1. When the residues of segment 180-199 are filtered to those that are out of contact with any Leu (no Cβ under 7 Å at 6 or more places or on another chain) and within 16 Å of ASN247 (Cα to Cα), which remaining residue is surrounded by the most Cβ atoms within 10 Å (Cβ to Cβ)?
2. Does at least one position in segment 186-198 carry a residue that is assigned to a loop (DSSP other than H, G, I, E, B) and among the acidic types (Asp, Glu)?
3. Taking the options GLU255, GLU202, name whichever one is surrounded by fewer than 24 Cβ atoms within 10 Å (Cβ to Cβ) and assigned to a strand (DSSP E or B).
4. Being surrounded by 17 or more Cβ atoms within 10 Å (Cβ to Cβ) and of a type in the set (Ser, Thr, Tyr) is the filter here, so list the residues in segment 74-106 that pass it.
5. Which of the residues that make up segment 213-237 are closer than 17 Å to SER166 by Cβ, among the small types (Gly, Ala, Ser) and assigned to a loop (DSSP other than H, G, I, E, B)?
6. How many residues are at pLDDT 90 or above and not polar (S, T, N, Q) when one looks only at segment 195-218?
7. Just wondering, is there one or more residues in segment 165-179 that are among the hydrophobic types (A, V, I, L, M, F, W, C), over 13 Å from the mean Cα position of the chain (by Cα) and either at pLDDT 95 or above or farther than 25 Å from THR86 by Cβ (or both)?
Amino acid sequence: MLRSSLPPNPARTRPRTAPPPLAAILLLAALTACSPGTPDGSGAEPSSADSAGSEGAPPPRAVIATVLGDEIGVMTEKGGEEVLDTLVNPNGFGVDRAFLVESDEDAWLEVLLPVRPNGTTGWVRRDEVSLTSTDFRVEIDMAEFEFSVYERDEEVRGGVIGTGKSDTPTPPGRYYFTELLQPSDPDGPYGVYAFGLSGFSESLETFAGGPGQLAVHGTNDEGALGRQVSHGCVRVSNEDITWMAENLPVGTPVEISE
């Protein structure tokens, strides 16, 4: 899992909000399912997020909503007054807070949230976010220990993964990348890059002082790929995570299946 000791990738953060090195180190330690340690307790015009393509047509683009202000109120229903949550911007890693849009209702957007329980959605006002889109999506098949990256209906990348151990399994579900982080030690257990996920461990409430956030990250032990090896995170080779870091934006949808 992601720990709060991972520093953000400087190319993907706002200089005014990026944490200093020490704070970044503490931040990476908070991501739970990734570490081998012992747990402590696209600028394209967006298309409609809920428009289904005709049979045989490629899937619609994923729409990404990036928060404009210093915080955003998330409502339980569109046009409602009940606040589900208020989330600060940037997030705890100093990265612009982004959501994956699940449906578009004119002035309101239903978004997938990076909160517990996994799969929680809420509603935000369109005028409080900027919208972009991506043709990419990541599919992770835990049964086959494989990942595939698709650009619309074309597979453009694939490789071997490591998943959570039996007592700390990787939870299946629909997620998205919430931040791109660059470990200070590229030869460490997180490899050269780590993408935070919007989901959390369902077996660990906390890990190394953090909330048990999941991640897709590199590794310093590629011989362990193809097995259940982590506290819940998905591990890939350093070559694969580097390709992802160079091509996939924050907000890219990630489907994890059993």
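The values are calculated or read from the model by the stated rules, or taken from the named source; none is laboratory data. All of these numbers come straight from a predicted model, not from anything done at the bench. Cβ: placed from backbone, ideal geometry, glycine included. Neighbour counts: every protein chain shown.
1. At the first step, the residues of segment 180-199 found to be out of contact with any Leu (no Cβ under 7 Å at 6 or more places or on another chain) are 180, 182, 184-189, 191-192.
Going one step further and asking which of them are within 16 Å of ASN247 (Cα to Cα), we end up with 180, 182, 192.
Numbers: LEU180: 23, GLN182: 20, VAL192: 20.
The residue in question is LEU180.
2. Residues of segment 186-198 assigned to a loop (DSSP other than H, G, I, E, B): 186-193.
Restricting the remaining residues to those that are among the acidic types (Asp, Glu) gives 187.
Taking every residue of segment 186-198 in turn, at least one turns out to be assigned to a loop (DSSP other than H, G, I, E, B) and among the acidic types (Asp, Glu).
3. Details: GLU202 fails: assigned to a strand (DSSP E or B).
That would be GLU255, the only listed residue that is surrounded by fewer than 24 Cβ atoms within 10 Å (Cβ to Cβ) and assigned to a strand (DSSP E or B).
4. Listed by number, the list is empty, since nothing qualifies.
5. GLY226, GLY232 - these are the residues of segment 213-237 that are closer than 17 Å to SER166 by Cβ, among the small types (Gly, Ala, Ser) and assigned to a loop (DSSP other than H, G, I, E, B).
6. Here is the first cut: in segment 195-218, the residues at pLDDT 90 or above are 195-203, 211-218.
Remaining after also requiring not polar (S, T, N, Q): 195-197, 199-200, 202, 211-212, 214-218.
Going through segment 195-218 one residue at a time, the tally reaches 13.
7. Step one: of segment 165-179, the residues among the hydrophobic types (A, V, I, L, M, F, W, C) are 177.
Among the residues that remain, those that are also over 13 Å from the mean Cα position of the chain (by Cα) are: none.
Looking through segment 165-179, none of the residues is among the hydrophobic types (A, V, I, L, M, F, W, C), over 13 Å from the mean Cα position of the chain (by Cα) and either at pLDDT 95 or above or farther than 25 Å from THR86 by Cβ (or both).
The rows are residues; the columns are (1) within 15 Å of the chain's Cα centre (by Cα); (2) modelled with pLDDT of 95 or more; (3) farther than 20 Å from LEU197 by Cβ; (4) outside the structural domain of GLY210 (by TED's automatic domain parsing).
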site: MET75; (1), (2), (3), (4): no, yes, yes, yes
site: GLU82; (1), (2), (3), (4): no, yes, yes, yes
site: ASN91; (1), (2), (3), (4): yes, yes, no, yes
site: GLY94; (1), (2), (3), (4): yes, yes, no, yes
site: PHE99; (1), (2), (3), (4): yes, yes, no, yes
site: GLY119; (1), (2), (3), (4): yes, yes, no, yes
site: ARG126; (1), (2), (3), (4): no, yes, yes, yes
site: ASP141; (1), (2), (3), (4): no, yes, no, no
